[in-house]
1. Which ranges mark the helices (runs of 4 or more DSSP H) fully within region 40-134 that have 2 or more residues being farther than 19 Å from ILE11 by Cα?
2. Looking only at residues that are touching a residue at least 24 places away in the same chain (Cβ under 8 Å) and among the small types (Gly, Ala, Ser) in region 1-27, which one is nearest to ILE68 (Cα to Cα)?
3. Can you list residue pairs whose Cβ atoms sit under 6 Å apart, with the first residue in region 59-78 being closer than 20 Å to SER2 by Cα and the second being of a type in the set (Gly, Ala, Ser)? Count only pairs 6 or more apart in sequence or on different chains.
4. Would you mind finding the one in ASN31, ASN20 that is within 22 Å of GLN133 (Cα to Cα) and either exposed (fewer than 11 other Cβ atoms within 10 Å of the Cβ) or among the small types (Gly, Ala, Ser) (or both)?
5. For region 46-57, which residues satisfy the criterion of being in contact (Cβ under 8 Å) with a residue 24 or more places away in the chain and surrounded by fewer than 18 Cβ atoms within 10 Å (Cβ to Cβ)?
6. So which pairs qualify, if the first residue must be in region 113-132 and without any contact (Cβ under 8 Å) to a residue 40 or more places away in the chain, the second must be in a loop (DSSP other than H, G, I, E, B) and polar (S, T, N, Q), the Cβ gap must be under 9 Å, and the two must be at least 6 apart or on different chains?
Amino acid sequence: MSVIIDTSVWIDGFNPKIKNQQKETLQRLINDDHPIYLCPIIYQEILQGIRDDNTYEKVKEILQQYRILDIDIMIVSDFAASLYRDLRKKGITIRKSVDCLIASYAIMANIPLLHNDSDFTHIARGSSLIIYQE
């Protein structure tokens, strides 16, 4: 089964000081050569937060080894806007609208999402987003 790895997990994965279940799962998935996907916004979020040029280039090279979901951005954006509105109508407010965009990629591709961000737990509660579980 394929999996999308959210920015929150990648950031933890690249930080040697952090230890959590999601980071361990990411390492296992990488070691097992599991099909891992990113969407363009995850790729951007990870790279834009890196200050050091050498680290930026190394991380960029690592990320480019994984599959990027290629869904027309306007289609995904329309879906994300509808998702956000539908959740709000259900009384679920998402703090970061970009998380609706990431969730939309996962929903549209029907690929589970591994995350460490409570917004996705809320999105899954009110939508068809599948959270990756081991």
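Bear in mind these aren't lab numbers, they're just calculated from the coordinates by the rules spelled out. Please read all numbers here as calculations on a predicted model, not as lab measurements. All Cβ positions, glycine included, derive from the backbone under ideal geometry; neighbour counts span all protein chains shown.
1. The helices (runs of 4 or more DSSP H) meeting that bar are 73-89, 97-109, 118-125.
2. SER2
3. Listed by first residue and then by second, the contacts come to LEU69/ALA109; VAL76/SER104.
4. After ruling out the rest, the residue left standing is ASN31.
5. Residue satisfying the conditions is GLY49 alone.
6. HIS122/THR93; SER128/ASN110; ILE130/ASN110
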